[in-house]
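Here the structure comes first, spelled out in structure tokens, and everything after it is commentary.
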Amino acid sequence: MNTAEYRRTRRKNRRGVLVALIVALSAAFSLMAMPAMADEVNVDEYDNSIIGNVKLESVALEGVLLTISGGGYEVEVATDADGRWKVGVPDGDEFTVTLNEDTLPEGIAVIDEVGDDDTPNVKEAMIGPSGSTVMNFFIGRGERNVTSFFDQFVERIVNGVNFGLMLGLAAIGISLVYGTTGLSNFAHAEMVTFGAVMALIVSVDLGWPVWIAIPLAVLLSAGFGWSLDAALWKPLRKKGVGIVQLMIVSIGLSLALRYTFQYFRGGGTEQLPGSDSPDIPLFGSVSLSQTNMISMVISIVVIVIFAWWLVKTKIGKATRAVSDNPSLAAASGIDVDQVVRVVWILAAAMAGLAGVLWAYFRPGIRWDMGAQILLLVFAAVTLGGLGTAFGALVGSIIVGVLVETSSLFIPSDLKYVGALGVLIIVLLFRPQGILGRKERIG
Amino acid sequence: MDILQILSNTGSSLIAPATIGYALAALGLAMHFGFTGLLNMGMAAFMAIGAYGYAISILTFGFPWWGGMLVGVGGSLVFALILGIPTLRLRGDYLAIVTIAAAEVVRLLFLTTTFDKYTGSADGLSGYHESFRAFNPIPDGTYGFGPWEYNANGWWVRIFGIAILALAAFILWAVMRSPWGRVIKGIREDEDAVRALGKNVFSYKLQSLMLGGVFGAMGGIIYALPASVNPGVYVTSLTFFVYTALLLGGAATIFGPIIGSVIFWGVQTLLSNLLPAMVNVGLLPFMTTTQSQTVRFILVGVALMLLVIYRPQGILGNKKELTFVK
């Protein structure tokens, strides 16, 4: 294989990975949402099943024929209007799934993901202990496999900044709470989920327009933060409960709230209105969906307002003073309790907003969606230096960009590993974080 | 509603392999958190490394069962070194965040499809029982009475697990009354004072992390021994649940973690059987059976909060032994 050919294959593969990710993700989400809609064959006859979703860049392909065979059993299935298919299969562990490429639209083919597979449209399916297996194909357009590595890189960086700004909204709150009260709040993840769930209830269950639902969700989140402080954290502070104890209480609260969301919303994924907005090309091959652009603008505006508040206003200055030294702040006449209350309200409001944006970015709302990014938020905060608001923002953007770009080099299901690994490495050399101070280490 | 069946399931859970696995992991956390004061939130990773080390070495490399266990334990020692060297200098809450991140890294590495050949990715691993069962000295048949009626393999796993648990409890008791244990407790009370006495605090902490990590790895192996290794088990919630069991029994005690685990699983099994049954006969008209399965996890969270606030020393503990309570 000569160099040019090799490069082409590499590009093709990268594109393939990207498409595969989209196909797999959309399959996972859509299957979780409404599994009964798939075009189903023999599902009632057998307990085991193979399921899949044929999509090209999130556009469903209808009427694609697939043949599933193995152990003397053979069945044919066609995808439905949403690109889904499902077949029941008898006991036995291995089946061959063949996608009939002639039934794909013109100019579209199954992409060879390995690089040396002559028949990428034929795959072996193993039935796992769960009795069901997901089988997806890597589908792409021949003539569009020319996205250069540089273009992809730029696209990932733009996405990463967007993700990072969203993380930043959550991270600033955690950092402020830590700075003023010393609490590493694990329940912050559930404050993120709370915002998204509230937006879902207002917009979908009550049917109100999104532009009312989201501000209302942020307001409800702020109220949630205030009531948590009033009902739980303030009494515990008054009682003089230790920092480690408070942290374990927040873990308990996190578990209780997370499963409460599951209790009321179930284990599935639900979508906010407008989550399927079209992509708008920006430059080169970089395109962002409308919601992503709006979300980026909202993040930036909120963060700028917050920075102004923290640096210029009286209560912002008081917050920084309490972060610096609570006793000294109290001695100079600052009402520490009031500052902490304001911090909880702000932190919860920003976490709620982050939850709504995360719901659009993922996309989808799930009971444990906050917990999925909690560690990234902690990584961001620790990178930047616990307790410093601007450090949290810098850390978030680094983590966001790292997570998004790392999947160009490592398998995409390991993209969080890169960010968490960097956290551990940074702590080796600079335990106090990028903008933190030495006193924070033991 | 079959009350007898519910009670029987609950009774059976008291000596289930999962209970023994939790008890071992909780003993490890007692070493880390209760005695040394290290806020290790990555216990799930030690359990995962134990379980995967055992299963992979048997399935991929054809080791005998004891070889698999040695690999699992060895893996946890290596992980303790890798985790401890950069992080043990960090203060309590920082350490918690970093260990929880490390545990998540370990879980994602076992979950990724990249190493599917060895780890089975999302499906996990199973079918590694042959070697362990071949070593079973108990003749075939069913033994026991009431809720505790198991076949030869069932008893073999339980007896082996309880023996390991007893050994671990004995080791923990023995080292904590030795001079080494006094230094460890001293580190928990006042690190600087111990340093002033010329002790290498970092080295002691690392040894504590390794010993507790071995208990955790054995816990992971016992947990996976009768059935399969499933990556969905080793999530951060597992660490939190083990902490709940530990704090329930008493963090700085030998028997506390064991009693805490038994109560934790007893109550969990009771609720997971009782609540759906109550829903089915119409006693809880406002929830579905699926919802009733979620309730017990909400209760774990609430119980953890109440425990830490009102009785941080747990059932057996002594409040003087708790430096994390200010």
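Numbers for the structure displayed
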{"quantity": "Some residue of the stretch A:249-261 being of a type outside the set (S, T, N, Q), out of contact with any Pro (no Cβ under 7 Å at 6 or more places or on another chain) and either outside any helix (DSSP H, G or I) or over 23 Å from residue B:245 (Cα atoms) (or both)", "calculated": "yes"}
{"quantity": "Residue list for the stretch A:388-409, restricted to those being surrounded by 24 or more Cβ atoms within 10 Å (Cβ to Cβ) and closer than 20 Å to residue A:306 by Cβ", "calculated": "A:388, A:389, A:391, A:392, A:393, A:395, A:396, A:399, A:400"}
{"quantity": "Residue list for the stretch A:303-327, restricted to those being at pLDDT 90 or above, among the polar types (S, T, N, Q) and part of a helix (DSSP H, G or I)", "calculated": "A:319"}
{"quantity": "Unique residue being buried (at least 24 other Cβ atoms within 10 Å of the Cβ) and assigned to a helix (DSSP H, G or I) when the list is B:247, B:238", "calculated": "B:247"}
{"quantity": "Top-ranked residue of the stretch A:44-55 - restricted to ones that are of a type outside the set (S, T, N, Q) and surrounded by 18 or more Cβ atoms within 10 Å (Cβ to Cβ), ranked as modelled with the lowest pLDDT", "calculated": "A:55"}
{"quantity": "Whichever residue in the stretch B:98-119 is aromatic (Phe, Trp, Tyr) and more than 10 Å from chain A (Cβ to nearest Cβ) and, among such residues, is surrounded by the most Cβ atoms within 10 Å (Cβ to Cβ)", "calculated": "B:110"}
{"quantity": "Tabulated pairs, the stretch B:287-308, first at the interface with chain A (Cβ under 7 Å from one of its Cβ atoms), second aromatic (Phe, Trp, Tyr), C-beta under 6 angstrom, 6+ apart or interchain", "calculated": "B:291/A:263; B:294/A:259; B:294/A:263; B:297/A:259; B:298/A:259"}
{"quantity": "Neighbours by Cβ (under 6 Å, 6+ apart or cross-chain): first from the stretch B:120-139, more than 10 Å from chain A (Cβ to nearest Cβ); second modelled with pLDDT of 90 or more and assigned to a loop (DSSP other than H, G, I, E, B)", "calculated": "B:131/B:64"}
{"quantity": "Residue match in the stretch A:232-246 (condition: more than 14 Å from chain B (Cβ to nearest Cβ), crowded, with 19+ Cβ neighbours inside 10 Å, in contact (Cβ under 8 Å) with a residue 60 or more places away in the chain and within 26 Å of residue A:185 (Cβ to Cβ))", "calculated": "no"}
{"quantity": "Residue that is surrounded by the most Cβ atoms within 10 Å (Cβ to Cβ), among those in the stretch B:73-94 that are in contact (Cβ under 8 Å) with a residue 60 or more places away in the chain and farther than 15 Å from residue B:33 by Cβ", "calculated": "B:76"}
{"quantity": "Residue in the stretch A:375-387 that is of a type in the set (A, V, I, L, M, F, W, C), touching a residue at least 24 places away in the same chain (Cβ under 8 Å) and touching an Asp or Glu at 6+ places or on another chain (Cβ under 9 Å) present", "calculated": "yes"}
{"quantity": "Tally, over the stretch A:255-269, of residues that are more than 7 Å from chain B (Cβ to nearest Cβ) and either hydrophobic (A, V, I, L, M, F, W, C) or in contact with a helix residue (DSSP H, G or I) (Cβ under 6 Å, 6 or more places away or on another chain) (or both)", "calculated": "6"}
{"quantity": "Selection count, the stretch A:284-310, where residues are loosely packed, with under 14 Cβ neighbours inside 10 Å, under 30 Å from residue A:148 (Cβ atoms) and over 20 Å from the mean Cα position of the chain (by Cα)", "calculated": "1"}
{"quantity": "Residue within the stretch A:362-377 that is touching a helix residue (DSSP H, G or I) at 6+ places or on another chain (Cβ under 7 Å), over 30 Å from residue B:98 (Cβ atoms) and more than 14 Å from chain B (Cβ to nearest Cβ) present", "calculated": "no"}
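The values are calculated or read from the model by the stated rules, or taken from the named source; none is laboratory data. None of these values were measured; they are calculated from a predicted model. Here Cβ is always computed from backbone atoms with ideal geometry, including for glycine, and neighbour counts include all displayed protein chains.
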